[in-house]
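The values are calculated or read from the model by the stated rules, or taken from the named source; none is laboratory data. Predicted, not measured: the structure shown is a model, and the values here were computed from it. Neighbour counts are summed over all protein chains in view; Cβ atoms, including those assigned to glycine, are modelled from backbone coordinates with ideal geometry.
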Amino acid sequence: MVVTGVVPYDDRNPQKMVERQLGHRIRFPKIEFSVHVKTLIYEILHLCPPSRPTYKAICYSDWLKLTT
């Protein structure tokens, strides 16, 4: 939410929200984001916690490398 300004899943319809989460389908706002930030957000929101990047991996992500 901090990067995009919106929550990753629309919670107005809880059933659809859960379906999108289970399907790992993430919608981004229409404004343009880099592939690096989209990839990082997608990985952070992975359904299976062990598959998510570690804090260290996030810190060394391509997107954060570009912001320093």
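Pairs meeting the criteria (first residue in the stretch 45-68 and part of a loop (DSSP other than H, G, I, E, B), second residue of a type in the set (D, E, K, R), beta carbons under 7 Å, at least 6 apart or on different chains) are His46/Arg52; Arg52/Glu43; Pro53/Glu43.
So, in the stretch 21-30, of the ones that are in contact (Cβ under 8 Å) with a residue 24 or more places away in the chain and in a loop (DSSP other than H, G, I, E, B), which residue ends up farthest from Ser61 (Cα to Cα)?
Initially, the stretch 21-30 is screened for residues in contact (Cβ under 8 Å) with a residue 24 or more places away in the chain, giving 21-22, 28-29.
Still in the list and also in a loop (DSSP other than H, G, I, E, B): 28-29.
Details: Phe28: 19, Pro29: 21 Å.
The residue in question is Pro29.
The single condition among (1) in contact with a Phe, Trp or Tyr (Cβ under 8 Å, 6 or more places away or on another chain); (2) at pLDDT 90 or above; (3) of a type in the set (Val, Ile, Thr) that Ile26 does not meet is (2).
Among the residues of the stretch 29-60, those that are of a type outside the set (D, E, K, R), surrounded by 12 or more Cβ atoms within 10 Å (Cβ to Cβ) and under 15 Å from Gly5 (Cβ atoms) comprise Phe33, Val37, Ile41.
Considering every residue within the stretch 7-20, establish whether at least one is modelled with pLDDT of 95 or more, of a type in the set (Phe, Trp, Tyr) and either surrounded by fewer than 14 Cβ atoms within 10 Å (Cβ to Cβ) or part of a loop (DSSP other than H, G, I, E, B) (or both). No, every residue in the stretch 7-20 fails to be modelled with pLDDT of 95 or more, of a type in the set (Phe, Trp, Tyr) and either surrounded by fewer than 14 Cβ atoms within 10 Å (Cβ to Cβ) or part of a loop (DSSP other than H, G, I, E, B) (or both).
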